[in-house]
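The values are calculated or read from the model by the stated rules, or taken from the named source; none is laboratory data. Everything numeric in this text was worked out from a predicted model, so none of it was measured. We place every Cβ from the backbone using ideal geometry, glycine too, and count neighbours over all the protein chains shown. Quick note on the areas: whole protein, heavy atoms, side chains included, nothing else; ligands and nucleic acids left out. Shrake-Rupley method; radii C 1.70, N 1.55, O 1.52, S 1.80 Å.
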Amino acid sequence: MKRTLFAIAFLLATTLTAAVQSPSQFLGFEVGADRKLADYKQIVSYFRALAAASPRVRVETLGKTTLSEDFIMAVVSSEGNMRNLEKIRETARKLADPRGLNDEQIAQLARDGKAIVLVTCNIHASEIASSQMAMEWAHALATANDAETKRRLDNVVLLLVPSLNPDGETMITDYYRKFLGTRYDGGRLPWLYHHYVGHDNNRDWFMLTQVETKAMSRAVYNEWYPQVWVDEHQMGTDGPRMFIPPFADPVDPDVHPLIWREANLVGTNMAFRLEQQEKAGLIYGYSFDAYWLGGTRNTGWWKNITGLLLETASARIASPIVIDPSELHGGSKGLIEYKATVNHPHPWAGGTWRMRDIMDYERIASDALLETAADRREDLLRDVAVRANAAVAFGGGKAYRIPHDQHDWPTAQFLAALMLEHGVEIQQADNGDYWIPMAGPYSRFLVEMLEPQRYPEVRLQAGKDILRPYDVATWTLPLAMGVTVEKTTMPARFKPVTDIKPETKEVLRKHASQPKPRIAIYNPWGGALDEGWTRWLLDQYGFTPKSLHPADVKAGLQNYDVFILPDIEKDEIASGRRAGGEGSMKYIDELPPDYRGALEKEGAAALKTFVENGGTLLAFNAGCDYVIENFNIPVRNVLARAADFSVPGSLVRVHVRNDHPVTAGMAEETAIFIDHPIAFETTSPGNELQRWVLMTYPEEARDVLLSGWISGEEKMTRKAAAVAMTYGKGRIVLLGFRPQHRGQTHATFPMIFNALYWGREN
Ligand SMILES: [Zn+2]
């Protein structure tokens, strides 16, 4: 009798396990092996099969990607929790906005609730190991029968997104397979790995311009309310093996300190478990700061979610690499020399590094996340409410008013709609003004979005230079968008708003009856982020521009009215080579023959002919340096060789001459976004051309900076930020800033639209 029961139980167990195939069994190759990659469709098919076979796994579709792929997220937890997901979500939602709950009720919800943790993979498509690891991890969780895994799954609901960039994963796997075994094996993609924004898909998490960002953001802030978010990336090949928080300085003073304590708790356990398994090269306090807002999990810091970034060293996609010990180096914030330090006590010695290694590191760290979340479930749940309540108290009776009576109401509506999408409460008065009460869980987020940044200057030793920001130093939306927002007190309750449909911008209404110009954008091999953002912006507003590779430009531009040179370094436009000082590494690995070349002499000549014959050349930021060098125009960049000028990405003040077609309709003063050493000085030209200074920096250095950080601003005073000129029968417009920076700087979008029509007015 006993024997039979045992036999039946054994049979049942084996049948169940057999039904839940491993990713390697299901896909028919060894996942994680050298030179083997599962593509996005295979990953989705595996997750769907796993969900069909296991009661611990469910697959949700978050939406469609830019190129119409299904964007999926797996939900993984114990059988019991999977039957109870609605209640678990409801508890998380209440704790995320605990207004109206007393301490006892919060404590009770934390006791009864389950931790919800979100793990996102592969947003940067070439950082591909995590997407492969995700299948193995989900399979292990679905099939494990040991007490510890069951305990973790009983306490935690895991939201697992195998790729935040499905289109990019498809591009990378297609390209990788095409050149596998050739001299281009594992090489970089010749174009952006997101249809529009490439690497900047991880700079979009407060602006929500892309469909993937929007869909994920909705799942996080409107549906699941996770307490912890871990985003898995890869970094360079020749430094430490894996960055795990604690983050590096500086720290944003507006973020609740419990965020850092929890990130450190989770991160420290990850490193502890990795070190126990003798994984070398772990580092914290390195490179990645606790100040910048734009990345996936970072935006959550101001919205009471503990976010962690993991960065593991890369291979060549799925092909192994060999690193000589002499090639290992530090040089970044937190590790100046490559050696043992307290934040990097066990340096990796060099040798072979493969995708399997990356997956193993990521898997151990991911399991350690579940362990900590299970151990600290109640703390994590309660702390969300603690942070939310602190934010409500901080907001008090304060409010932001977006007055209806302002320069650019459609863009003001756009800003209000964006805040609504972020889960912020918006009300509207009878006179049309929007009101944003601050007494809510996201009050710190509102401050961060709507008020100027003062970059925290941190020096690690007296007299030494300050720590530089990882990315930009500012994101103040009212300045970037040219919207008036006033901080005041909430005078009354107004009508709650649930939907805002912004009207059309004035500049677009003005040109609506004119035929659309034919627009070309320069697209270098290897891709350029600003090309992608420019194309995105113009597509958004129905311009359908064409992106041209070097050979297309050399073939002649007679079919276009406007040619746009985006923010690309002049050397890269001219020769495809990277600039850099004496002794710097200028090597970039070779692309296949079909994807080579730059503008060179022939392209420069084609551009000149285009403008002389009546075309408009529009250049942004670094692209202006190329025009200055190649066209005989009365403009120079006074900051081209400035030694002590630095700006990592800040908003500064300019005065606008708005009696020119390019600046028509703009306010007399505006903010522009700058991140490149460029400011123009013009001179009075001969009779062959006319020039207009469209924007100038203030007279006084102290008036330049509006938000962020800058050094050497006295070199910009009274210099021009934008100039326009005639050239032959055509026109040149130089915008020495980022007029459409990551889709954020609505204040300067009108200059782009106006420039497209300059000389073509009816
Ligand atoms: Zn990355």
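Is it possible to state the helix-based mean residue ellipticity at 222 nm for the chain, with each DSSP H run of 4+ residues giving -39500 (n - 2.57), the sum divided by total residues, to the nearest 500 deg cm²/dmol? What is it? It would help to have the intermediate numbers written out before the result.
Numbers: 24 runs with 261 residues, N = 762.
One gets -10500 deg cm²/dmol as the mean residue ellipticity at 222 nm.
Radius of gyration and Dmax for segment 195-279's Cα atoms, expressed in Å?
Looking at segment 195-279, its Cα Rg and Dmax stand at 15.7, 42 Å.
Under 8 Å for C-alpha pairs, at least 6 residues apart: give me the relative contact order for segment 103-198, rounded to a whole percent. Provide the component values of the computation, followed by the final result.
Working: 93 pairs, mean separation 33.1, N = 96.
Relative contact order, segment 103-198: 34 percent.
List the DSSP H helices in the chain whose Cα atoms stretch 15 Å or more along the helix axis and whose mean Kyte-Doolittle hydropathy is at least -0.5.
In the chain, the long hydrophobic H runs are 2-19, 40-53, 129-143, 257-276, 355-375, 377-395, 409-421, 600-612.
Over the Cα atoms of segment 2-390, how large are the radius of gyration and the largest Cα-Cα distance (Dmax), in Å?
20.6, 66
DSSP loop (so not H, G, I, E, B), at most 12 other Cβ within 10 Å: list which trypsin sites (Lys or Arg not before Pro) in segment 433-501 pass both filters.
The qualifying sites are ARG459, LYS464, ARG493.
Using only the alpha-carbon atoms, what does segment 646-738 span along each of its principal axes? Please give whole angstrom values in decreasing order.
For segment 646-738, the Cα extents along the three principal axes come out at 41, 25, 21 Å.
How much area per residue is accessible in the chain when the probe is 1.4 Å and only protein heavy atoms are counted (Å²)?
Values: 29930 Å² over 762 residues.
Accessible surface, normalised per residue, equals 39 Å².
If you roll a 1.4 Å probe over the chain with all protein chains in place, what percent of the accessible area is carbon or sulfur? Please report the intermediate quantities before stating the final value.
Details: 14860 of 29930 Å².
The nonpolar share, carbon plus sulfur, comes to 50 percent.
Find, among the trypsin sites (Lys or Arg not before Pro) in segment 672-762, those assigned to loop by DSSP (not H, G, I, E, B) with at most 14 other beta-carbon atoms within 10 angstrom. Mind dumping the intermediate values first?
Working: sites: ARG691, ARG702, LYS715, ARG718, LYS719, LYS729, ARG731, ARG742, ARG760; in loops: ARG718, LYS719, LYS729, ARG760.
Those satisfying the criteria are ARG718, LYS729.
Taking the convex hull of the alpha carbon atoms in the chain, what volume per residue do you get, in Å³? It would help to have the intermediate numbers written out before the result.
Details: hull volume 131.5 nm³, N = 762.
Convex hull of Cα atoms, per residue: 173 Å³.
Relative contact order of the chain: what whole-number percent is it, with Cα pairs under 8 angstrom and at least 6 residues apart?
Details: 1614 pairs, mean separation 85.9, N = 762.
Normalised by residue count, the contact order of the chain is 11 percent.
What area, in nm² and to one decimal, does the C-alpha convex hull of segment 398-459 cast on average over all directions? Could the numbers behind the result be given before it?
On the way: hull surface 21.6 nm².
Result: 5.4 nm².
Hey, quick one: spin label on SER319, modelled 7 Å out along Cα-Cβ, who in segment 176-210 has an amide N within reach, i.e. under 18 Å?
Under 18 Å, as judged by backbone N against the label point of SER319, lie 176-191 of segment 176-210.
Restricting attention to segment 489-540, which chymotrypsin sites (Phe, Trp or Tyr not before Pro) occupy a DSSP loop and are surrounded by at most 14 other Cβ atoms within 10 Å?
Here no loop site has a sparse enough neighbourhood.
At what distance in nm do the modelled label points of ARG702 and MET585 sit from each other, each positioned 7 Å from its Cα along Cα→Cβ?
4.5
Please list, or write none, the aspartates and glutamates whose alpha carbon is within less than 16 Å of the alpha carbon of LYS608, excluding same-chain residues fewer than 8 places away.
ASP552, ASP561, GLU600, ASP625, GLU629, GLU688
Between their Cα atoms, which of LYS554/LYS601; LYS150/LYS279; LYS398/LYS487; LYS510/LYS719; LYS546/LYS729 are more than 19 Å away from each other? Please report the intermediate quantities before stating the final value.
Details: LYS554/LYS601 9 Å; LYS150/LYS279 26 Å; LYS398/LYS487 7 Å; LYS510/LYS719 30 Å; LYS546/LYS729 23 Å.
With Cα atoms farther than 19 Å apart: LYS150/LYS279; LYS510/LYS719; LYS546/LYS729.
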